[in-house]
Structures are given as C-alpha cells and as structure tokens.
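K.L.:
What follows is a single structure, and I will ask about it in a moment.
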Amino acid sequence: MRSDDFFGGEGGLIHNLGITDMSQAEEVLHMSYSFLKLMSYYNCAMMEVETKFNVLNEEFSLMWDREPIASVKTRLKNPISIRNKLVLKGYPFSLENVERYVNDIAGVRIVCSFLEDVYTVAEAFKKQDDVTLLEEKDYIKNPKPNGYRSLHLIVSVPIFLQHEKKQMKVEIQLRTLAMDFWASLEHQLNYKKSIGEDVSMLADLKYCAELSAELDKHMDELRERVQSEPEDVEDVLKKTMTDAPVPVKKS
C-alpha cells in the first residue's frame, strides 16, 4: 500500500473518510505510517501463506503427476473497506480494532481442480506446525442460502521481521474451478444490478450453484475412475523413455 492511498486528493483516505476537521485530519495523518506498516505486515503474511500452498502444490504434483491447485490469488483489503467493516461491527476506526476485529484484511483464494483436492490441500496446510487455525466455515457441505460454496479458514501465521516475530491473521478461501466460476459470475451480476430482491433471479442463481455442485461430484467420480484404472503398458513405456537420461556419446 502506498502513502498516496492516505494522502492526495479524491483518492486519499482522508477525503474518502469524509474528514473535513483539521484536528481529525492530523490524527489520521499521525497514524498513517503505523497503518501502512500494519498493512505491510498483512502483505507479508499473505506472501507466507501463498508460498506454503505453492510448496504443497509442488509436492502433490510429484505424488499425483498433476497439480491439485489450479491458481492462487491474493488480495489486501483497502482502508475504506476496513473502516466500513469496523463501522458495521460497531467499532471505531483504530489500529487496535483493525487487528482485533477484522479477520479478512489479508485474503488468499485457492482454486483447486477437484472437490477432494480442496479438503486434501486444506488438511495438509492446517497440519503445518506454524499455522494456527482460528476459525473454519465449510460452505461446501453447508452452502449459503444463495448457493455459494467454499471452504473458509481464518488462520494465524508468523512473519519474521528484522527484530521480531509477529503473528498475523489471514483469511483463506478454498474452492473448486466450478465454485470459482459460479462465484465470479454471481459477483459480476450483483455488481451490475442488486439482485437481492429479485426472487426469480435468486432462484436461478441457486439452481446454477446446484448444477456446479453436480459437476464437481461427477468430475470427482471421473477422477477416481482414472486413478483406479491401471496405466496402459504403452503409456508407461513412453513415460519411461521420456524420463530416461540421454546417453553421452564417448569420443
């Protein structure tokens, strides 16, 4: 996060917070450096978690000859969203309240190929000895009323600074490609038009979510069939020849 996000004109935090009183502005400016430093800590925690999942993906790819994680996405919540979340919870904007009451400032989204991959990757991540699970919500087994499905984890991970170690919270969402497809389009539709009161559209979206759940189920069944079938002898020979070292011609 840059200092421009706090200062400057219409894009600055002071302007967007609606602060016109000079004493309030000075107070915000005074805490700006501390806030930027805190955001950098959350960014470091995000990078730590992202690396952990990339390492797991590398290990599983060697075991399974495929990558269970299709993509890893990260995002850092902007100051206005943080402030609005605190207001909704009934707390004033302060650094202490940001750390204590907002759990999704650092966000990591893990998109997996298959449904079983979601739980396999999540369990492997949670078993790591420097990961502390604070909260878990399984919207896959218990979808939201609108059909949304995803596995949500709130974890605490250490970041190692020059003179100290800090524990930082990160929200992790794990979902399949089908879940991500539905959620992305649902978000776009809501962005274009608030569909909260449109009963017909809500029903259609939930129906699409159920279709995506069926798709996940069938694709998982196909994956199991593929894994249970013995490899074709020709395929095994081709793989062996491909992996074999190339002989060096002696002079």
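K.L.:
Examine region 97-113 for a residue that is buried (at least 18 other Cβ atoms within 10 Å of the Cβ), farther than 26 Å from residue 54 by Cβ and in contact (Cβ under 8 Å) with a residue 40 or more places away in the chain, and state whether such a residue exists.
P.N.:
Looking through region 97-113, at least one residue is buried (at least 18 other Cβ atoms within 10 Å of the Cβ), farther than 26 Å from residue 54 by Cβ and in contact (Cβ under 8 Å) with a residue 40 or more places away in the chain.
K.L.:
Let me ask you something else. Using the structure shown, decide if residue 90 is at positive phi and surrounded by fewer than 16 Cβ atoms within 10 Å (Cβ to Cβ).
P.N.:
For residue 90, the condition - at positive phi and surrounded by fewer than 16 Cβ atoms within 10 Å (Cβ to Cβ) - is met.
K.L.:
Is it the case that some residue within region 175-183 is of a type outside the set (Asp, Glu), out of contact with any Pro (no Cβ under 6 Å at 6 or more places or on another chain) and part of a strand (DSSP E or B)? Show your work before the answer.
P.N.:
Taking region 175-183 and keeping what is of a type outside the set (Asp, Glu), we get 175-179, 181-183.
If we keep only those that are out of contact with any Pro (no Cβ under 6 Å at 6 or more places or on another chain) as well, we get 175-179, 181-183.
This time we only want the ones that are part of a strand (DSSP E or B), so: 175-176.
Yes; the residues of region 175-183 include at least one that is of a type outside the set (Asp, Glu), out of contact with any Pro (no Cβ under 6 Å at 6 or more places or on another chain) and part of a strand (DSSP E or B).
K.L.:
Does at least one position in region 85-92 carry a residue that is among the aromatic types (Phe, Trp, Tyr) and within 22 Å of residue 157 (Cα to Cα)? Steps first, answer last, please.
P.N.:
In the first step, residues of region 85-92 are kept if they are among the aromatic types (Phe, Trp, Tyr); the result is 91.
Narrowing further to those that are within 22 Å of residue 157 (Cα to Cα): none.
Within region 85-92 (the criterion being among the aromatic types (Phe, Trp, Tyr) and within 22 Å of residue 157 (Cα to Cα)), the answer is no, since none of the residues qualifies.
K.L.:
Filter region 149-171 for residues that are part of a loop (DSSP other than H, G, I, E, B) and modelled with pLDDT of 95 or more; which is surrounded by the most Cβ atoms within 10 Å (Cβ to Cβ)? Give the steps one after another, and end with the answer.
P.N.:
The first filter runs over region 149-171 and keeps only residues part of a loop (DSSP other than H, G, I, E, B), leaving 149-150, 161-164.
Going one step further and asking which of them are modelled with pLDDT of 95 or more, we end up with 149-150.
On the way: 149: 25, 150: 23.
Within region 149-171, the match that is surrounded by the most Cβ atoms within 10 Å (Cβ to Cβ) is 149.
K.L.:
Which residues, counting only those in region 82-100, are modelled with pLDDT under 90 and among the polar types (S, T, N, Q)?
P.N.:
Within region 82-100, just 94 meets the criteria.
K.L.:
List the pairs whose first member sits in region 173-189 and is buried (at least 20 other Cβ atoms within 10 Å of the Cβ), whose second member is part of a helix (DSSP H, G or I) and acidic (Asp, Glu), and whose Cβ atoms are under 7 Å apart, counting only residues at least 6 apart or on separate chains?
P.N.:
176/216; 178/216
The values are calculated or read from the model by the stated rules, or taken from the named source; none is laboratory data. What you are looking at is a predicted structure, and each value in this text was computed from that prediction instead of being measured. Cβ coordinates were reconstructed from backbone atoms using ideal geometry, including for glycine residues, and neighbour counts include every protein chain displayed.
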